[in-house]
Each structure stands twice: as structure tokens, then as C-alpha cells.
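Report on the structure given below.
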Amino acid sequence: EADELRRWADACARAGRDAPFALRVPERPEWRAAAAAAAQADTLARRAREDLKADLSLFGGVGWRLNGETAGRGDSDLAWEAGVVWRSPLGHDAEKARAAAREADACASRAVLAATITAVAAEFERARTAFESACSRLASIDRAVEEARASLDAEVERFRLGEGRSRLVLDAQKDLSAANRSANAAA
């Protein structure tokens, strides 16, 4: 497990060193939800602004008499009508209030979106900083492990030659073991 964890940590550190600018702020679900709410609020605000405009409608219709009786004046059974209607509320008070409320809702939704984007970006930067710190900590601990291993080899060699004591070898082994534990914790 320690070797697998170490391979994974090394692969992550290598990926971070090789492509540091490939890391980008991810679009998270709360970001997408806030963007959808802001888009919906903008649409409602546009619709409310459209309600402030006067309405000009053209209508037409064609009909056929079904009762079979002919008109006494020589009219045919075909009838048609057309018309133009212009509607505009007086004062537009309700429409103006609705448009102002929708505009305020849209502004609030955009503010929520901006706050969400800022929070996600800040969380991403904290994670990126922690990742870079862990990578540098792992590199320094790797150097400590190598130095502890070299120290142990030197103490073993001195003990083999009769110049060292077994206590120094045991202390070097303990230092190497502590360095390996620190490396696993950093990984």
C-alpha cells in the first residue's frame, strides 16, 4: 500500500510540475446552478421590459355559412373579417413595478453567481497552494530519506570496520524509519 501510495503521489507531483498551467478552475454544480438561475432571471427581466411596450396585433378570419340558406341580398356563403388592435395599459404602473422587481432579481442572481465563482476560485487556489506545498514537502522529505539512507550505510560500514558502535547503527535505522514514515504521510 505504501508503494502504491508513493507511486500515486509521485505521478501527481510530476503532473503538477510538467503542466502547472493545465490546472484550471473547474465548473462545479453550484456554479452551473447559479449561472442557470442568473440566465433565467435575465430572461424574466427582458420579458418584463417587453411588457412595457404597447401591443399591436393584426387578426383575420375567414368563414363559411353552414346552414345552407343564401342571403337575400345576393351575398355568397363565404365571409371574412380582419382587424388591427393596439393595446397599451394606462400609466404602465404595474408593468414598471414588475420590470423593476425582475431587474432587481436579475441583479441579485448575478451577484450570487459572482460570489459563487469567487468562492470556487478561492477554494481552487487554496487546493492548488496545498498541492504545491505538498509537492515541495515531499521533495524535501525525499532528500531527508536519501540522507538517512546514506547515513545508515555509512554507520553500517563503520560498524563493519570496527570503528562504530551498534547503538549508532540502530539510531541511523530509527532515523531512516522516521524519514520513511514522514514520506508516507506527505504522500
> Remind me, what semi-axes does the chain give for its equivalent ellipsoid, largest first in whole Å, using sqrt of 5 times each Cα gyration tensor eigenvalue?
Replying inline: 85, 20, 10
> If the chain between Trp8 and Glu50 were fully stretched, how many nm would it gain, using 0.36 nm times the residue separation less the Cα-Cα distance?
Replying inline: 9.4 nm
>> Spelling out what I want: for every residue of the stretch 155-167, take phi, set θ = phi - 60°, compute 6.51 cos²θ - 1.76 cosθ + 1.60 (Karplus), and round to whole Hz; glycine and proline get x.
In response: 5, 5, 5, 5, 5, 5, 7, x, 9, x, 10, 5, 4
> Of all the accessible heavy-atom surface of the chain, with the other protein chains kept in place and a 1.4 Å probe, what percent is carbon and sulfur?
Replying inline: 57
>> Can you compute the charge dipole magnitude of the chain about its Cα centre, using +1 on each Lys and Arg Cβ and -1 on each Asp and Glu Cβ, nothing else charged? Give it in debye, rounded to the nearest 20.
In response: 360
> Per-residue HN-Hα couplings for the stretch 57-62, Karplus 6.51 cos²θ - 1.76 cosθ + 1.60 at θ = phi - 60°, whole Hz, x for Gly and Pro?
Replying inline: 10, 10, 10, x, x, 10
> Per residue, how much accessible area does the chain have with a 1.4 Å probe, in Å²?
Replying inline: 73
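Keeping all protein chains in place and using 1.4 angstrom, which order do Thr116, Thr43, Thr129 fall into by accessible surface area, from largest down?
Values: Thr116 25, Thr43 55, Thr129 80 Å².
Result, largest first: Thr129, Thr43, Thr116.
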>> Can you compute 3J(HN,Hα) from phi for each residue in the stretch 169-174, using the Karplus curve 6.51 cos²θ - 1.76 cosθ + 1.60 with θ = phi - 60°, rounded to whole Hz and x for Gly and Pro?
In response: 5, 5, 5, 5, 5, 5
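The values are calculated or read from the model by the stated rules, or taken from the named source; none is laboratory data. Only a predicted model underlies this, so the values are computations on that prediction, with no experimental measurement involved. For neighbour counting, all protein chains shown are included, and Cβ atoms are generated from backbone atoms with ideal geometry for every residue, glycine included. Quick note on the areas: whole protein, heavy atoms, side chains included, nothing else; ligands and nucleic acids left out. Shrake-Rupley method; radii C 1.70, N 1.55, O 1.52, S 1.80 Å.
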